[in-house]
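Input: a single structure, listed below in C-alpha cells.
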Amino acid sequence: VLRQCRIIKALSRTPVPVPEVLLEDPGSPPEVPPLFVMSRLAGTSLEPLFELESAGESATLVADRFRDAAATMA
C-alpha cells in the first residue's frame with residue numbers, strides 16, 4: 001500500500017494524471033495495517049474482456065483509452 005502511495009506521489013510531479021495523496025499512515029503492522037487516502041478522479045474503470053457490453057462501452061473507445069494509457073506510460 002505504501003509503495004503505491006510513493007509511486008503516486010512521484011508521478012504527481014510529472015504530466016501523468018494521478019490522484020492527490022491526502023493522507024498516509026504507516027500503521028503498526030501487523031496489528032494496524034498501513035493506509036493512504038487519495039482524492040477521486042472522475043472516470044471509469046473496466047475489465048475490457050468482461051465488462052464492455054454491460055457498461056455500454058464500445059471496443060473502439062476502450063482501444064483508444066488503452067493507446068492513450070500506453071502513450072502516457074511511455
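Structure notes:
- Residue within the range 31-52 that is at positive phi and either open to solvent by 60 Å² or more (accessible area, probe 1.4 Å) or at pLDDT below 80 (or both) present: yes
- When Asp64 is tested against (1) more than 13 Å from the chain's Cα centre (by Cα); (2) surrounded by fewer than 10 Cβ atoms within 10 Å (Cβ to Cβ); (3) at pLDDT below 95, exactly one condition is not met: (2).
- Qualifying residues in the range 16-40 (those that are touching a residue at least 24 places away in the same chain (Cβ under 8 Å) and within 16 Å of the chain's Cα centre (by Cα)) - the one farthest from Met73 (Cα to Cα): Leu35
The values are calculated or read from the model by the stated rules, or taken from the named source; none is laboratory data. As the structure is a computational prediction, the values presented were derived from the model and not from experiment. Positions of Cβ are backbone-derived with ideal geometry, glycine not excepted, and every protein chain shown enters the neighbour counts. In case anyone asks, the SASA skips ligands and DNA or RNA and just uses the protein heavy atoms, side chains included. Shrake-Rupley method; radii C 1.70, N 1.55, O 1.52, S 1.80 Å.
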